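This report concerns only the one structure given below.
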Amino acid sequence: MGPDGAPGQAVPWRKVLWERQSFPDNYVDQRFLEELRRNEGIRHYRYWAVVKEAGFVGQQLSCVAIFITFWLYMEQGLLAPQALLWSSLLCALLGYGLHRALTSGGQPCGEPRTRLADLQSAAIFLSFTFGFSPVLKTLTESVSTDTVYAMSAVMLLAHLLSFPYSQPSPPGSLSLNAALFASVCLASRLPGALHTFAMLSCALLVFALWPCLLQRMRDNAPGHFPGVCVGVCVGGVAGLGSQTLGGAVLLSSALVSVTLLCPLLLVWLQRHKDNIQGPWDEAEIHEDLSRFLH
Amino acid sequence: MGQRRRTAALKSPSSQRDSGDAAWVPNKKHNICMVSDFFYPNMGGVESHIYQLSQCLIEKGHKVVIATHAYGRRKGVRYLTNGLKVYYLPLQVMYNQSTATTCFHSLPLLRCVFVRERITVVHAHSSFSAMAHDALFHAKTMGLNTVFTDHSLFGFADVSSVLTNKLLTVSLCDTNHIVCVSYTSKENTVLRAALNPEIVSVIPNAVDPTDFTPDPTQRQHDRITIVVISRLVYRKGIDLLGGIIPELCLKYPDLHFLIGGEGPKRIVLEEVREKYQLHERVRLLGALEHKDVRGVLVQGHIFLNTSLTEAFCMAIVEGASCGLQVVSTRVGGIPEVLPEDLITLCEPTVRSLCAGLESVIAQQRSGSVPSPATIHSRVRNLYTWKNVAERTERVYDRVAGEGVLPLDRRLRRLRAHCGPVAGSIFAFVAVLDFLFLLLLQWLVPDHLMDVAVDATGPRGLWSQEKSCKSRFYSKSATKGAAGASSQ
């Protein structure tokens, strides 16, 4: 019990409290911390698998670049709104078909939305945007252009930061709203109401519908997914390069660091991982206990 | 860094096992100040630990005062049984009854207490209490010996525990001695604060056996009753209980559950009761006062504990002391608490707990379990407050023989032990604290402060003029007061 008791070696120490043992209270046995476990059940990342996952981040970055490219072209009058609208419509139809094909090819969903419902929501959205585009056009007239640019930049950054990369379908409400806010800001600086309408439809396509299609592709056609990501990235860099060379260089260095360097850092830092587990950890409930309630 | 130190310390276990002996000063009387945010009117393990330990130390002739923060209108100085003085200091409560900490604002008040009461040892309780850490910090600045008791277990995995563990490292790196309530808790604290295990003692909690005596006549013999007494929160595994109840109730029609306690997980149990129509067989008693616990325990045959983490489980000792068969999860320090034949340990899963309960029910049916009186007589002497006080006294004796680090060595130790960033920051804070102390000593010098009247202990003023007021408090305020004072 106390340190003055003579501990006979014949009586080994036991890790129990109920027995009065002839060891001092601050006695440290050989078995101290023997139940300590390190890095148990740890997930070892492989470089290329991480690169593949990081590709999603890279392509989202490029999506923003593509959107900005369209806006630059529209602002300078190099791209007619009609052309953007028609090509958007074409892309939307192609993407819709692809989405359908991938859905039916994969697991059957519980209650698939009918084509009529899809058409209905598209019609509602387009008519409202079209009706309100003169209003949106003049919305930020009293705000200085610098403020609008700064606001759009912050909002696009917020979109990138809050984007739910692991489960992008449906896109998170914060990221989608930030992106749409930024596109309204940018679109209101364009010359005409039709421009605004075309820009907003394009924003919807890029920020709301494209992530859904890409998620489907990642789940149901994983072989084609990296190719698509690389394609989007190349498109983003090329598009931005045709307008500003500096922007293209910045974008490509950002893409390289996000998709190649950051995974390298993650894999390299793994060896420094030191996770301690032991009997003091809170037990986790792994069973599904909701079956008792529902 | 801490890791390496840890392993280095492990290589030479118990090399200086009896090193404390040389510095032993037997029968020395200490002036102890217990500091924690948690005290009456709050109720729980830490609160009763502080109260019971203080009472036993007063019996042994030490002077003990308690410092805590004001609870509502309960502020100022109050006296409990045997003249145990409690300072309810007006400090702002921030979260979960823990005070806000700025490292400085509590120094004037705490210095006042320490100087007026001529404190020699500051004993802080619970790592959740900011006030306890503040008091340790100031006590070291004032050159007082410090002891810390850790009552809880912590993980290492999430961000909040990374931060709190760093703070604990800073707080404990120059504390004289640390007390843990179980060996698992000791391992946990040594790892969290990167301590030398030699300065960590294991002194378990205790239970007053006179409060928890068996009474088999209260049991109903046409049924088997399982008693659960715990706060109804996630950490106590109430979700597991919600799975066990329907599983066993469908199997055994004569099985009843008696559940005491309150908390956010009550809704889970109510839903289960509703869905399986078990209103007569599962009784939820709500929050229980400590004096009512025994009355509930003696109605049962089996005591069930489903905790997911526990440093030292007092509830299972109380259950066993009332003569119940104990079934518990094998987590934290629980396997150390009771001998194997008095407890059935299970994994924290519904299946394992059900299997454990079924085997105990079968034994109960066949009558092969020992009688409640036999169990009580085995448990009654395992954990007593007297023993806890004796062992804590040894810690104080040991600490009194040690020096407190002077400021320069304390700063060096902080920077060497807590890492370059946190160490430097807290070394700076320690210097500021020291300067603040100098300012206070200049404003109100120590020798001008009145010395408080020593009322406690058998030779104190209190025993000469027993006041009715203190007796009133002891009845209403504290549990087991009669047992402690009659020893």
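Ordered from largest to smallest accessible area (heavy atoms of protein chains, 1.4 Å probe), the residues B:Ile199, B:Ile66 come out as B:Ile199, B:Ile66. Give me the tail of P(r) for the protein assembly as shown as a percent: Cα-Cα pairs with distance above 55 Å. Value for the protein assembly as shown (Cα pairs over 55 Å): 30 percent. Rolling a 1.4 Å probe over the protein heavy atoms gives segment B:216-382 an accessible area of 40 Å² per residue. Can you give the FRET efficiency to the nearest 0.05 for B:Gln97 and B:Ser359, using r as the Cβ-Cβ distance and R₀ = 35 Å? Efficiency, from the Cβ-Cβ distance: 0.30. Rolling a 1.4 angstrom probe over chain B with all protein chains present gives an accessible area of which 56% lies on carbon and sulfur atoms. Axis angle, to the nearest 10 degrees, between helix B:385-400 and the longest C-alpha principal axis of chain B: 20 degrees.
Spin-label pair B:Lys28-A:Phe125: with each label point 7 Å from Cα along the Cα-Cβ axis, the two points sit 7.8 nm from one another. Would you look at the GNM of chain A, springs on alpha carbons closer than 10 Å, and say which of A:Phe67, A:Phe56, A:Phe125 moves the most? In this elastic network of chain A, the residue with the biggest mean-square fluctuation among A:Phe67, A:Phe56, A:Phe125 is A:Phe125. Rg/Rh for segment B:216-382 stands at 0.92; both radii use Cα atoms, and Rh follows the Kirkwood definition. To the nearest ten degrees, helix B:266-275 and the longest principal axis of the Cα atoms of chain B are 10 degrees apart.
Taking all protein chains together and a 1.4 Å probe, the residues A:Trp18, B:Trp385, A:Trp48, A:Trp268 rank A:Trp48, A:Trp268, A:Trp18, B:Trp385 from largest to smallest accessible area. For chain B, the mean residue ellipticity at 222 nm estimated from helices alone is -13000 deg cm²/dmol, where every DSSP H run of n ≥ 4 contributes -39500 (n - 2.57) and the total is divided by all residues, rounded to the nearest 500. With the convex hull of its Cα atoms as the shape, chain A has an orientation-averaged projected area of 25.7 nm².
Total buried accessible area between A and B, probe 1.4 Å, nearest 100: 4600 Å².
Note on chain A: with a GNM built from Cα contacts shorter than 10 Å, the maximum mean-square fluctuation among A:Leu89, A:Leu209, A:Leu116 falls on A:Leu116.
In terms of packing, defined here as the mean over residues of other Cβ atoms within 10 angstrom, the peptides B:219-230, A:190-201, A:249-260 line up highest first as A:190-201, B:219-230, A:249-260.
For chain B, a Kirkwood hydrodynamic radius built from all Cα pairs, placed in the Stokes-Einstein relation at 20 °C and 1.002 mPa s, yields a translational diffusion coefficient of 89 µm²/s.
Calculated FRET efficiency, A:Arg37 to A:Cys262, Cβ-Cβ distance, R0 = 35 Å: about 0.75 to the nearest 0.05. For segment A:255-294, a drop of 40 Å² or more in accessible area on going from the chain alone to the assembled protein chains (1.4 Å probe) is found at A:Ile276, A:Pro279, A:Trp280, A:Glu282, A:Ala283, A:Ile285, A:Glu287, A:Leu289, A:Phe292, A:Leu293.
With respect to chain B, whose longest principal axis is taken over its alpha-carbon atoms, helix B:420-443 is tilted by about 60°.
Residues of segment A:14-42 that bury at least 40 Å² of accessible area once all protein chains are present, compared with their chain alone (1.4 Å probe, heavy atoms only, ligands and nucleic acids left out), are A:Lys15, A:Leu17, A:Trp18, A:Arg20, A:Asp25, A:Asn26, A:Tyr27, A:Val28, A:Phe32, A:Leu33. The relative contact order of chain B, computed from alpha carbon pairs under 8 Å that lie at least 6 residues apart in sequence, is 20 percent. Length gained on full extension, A:Glu287 to A:Arg113: 59.3 nm, using 0.36 nm per residue less the C-alpha separation.
Ligands, DNA and RNA left out, the 1.4 Å accessible surface of chain A is 67% carbon and sulfur atoms. Once the partner protein chains are put back, segment B:295-335 shows a loss of at least 20 square angstrom of accessible area, versus the chain by itself, at B:Leu308, B:Thr309, B:Gly332 (probe 1.4 Å, ligands and nucleic acids excluded). Listed by number, the DSSP H helices of chain A that run 27 Å or longer by alpha-carbon position along their axis and have mean Kyte hydropathy of at least 0.5 are A:47-75, A:81-105, A:115-139, A:225-243.
The values are calculated or read from the model by the stated rules, or taken from the named source; none is laboratory data. Nothing here was measured: the structure is a model prediction, and the numbers come from that model. Cβ atoms come from the backbone with ideal geometry, glycine included; neighbour counts cover every protein chain shown. Surface accessibility is based on the protein's heavy atoms, side chains included, excluding ligands, DNA and RNA. Shrake-Rupley method; radii C 1.70, N 1.55, O 1.52, S 1.80 Å.
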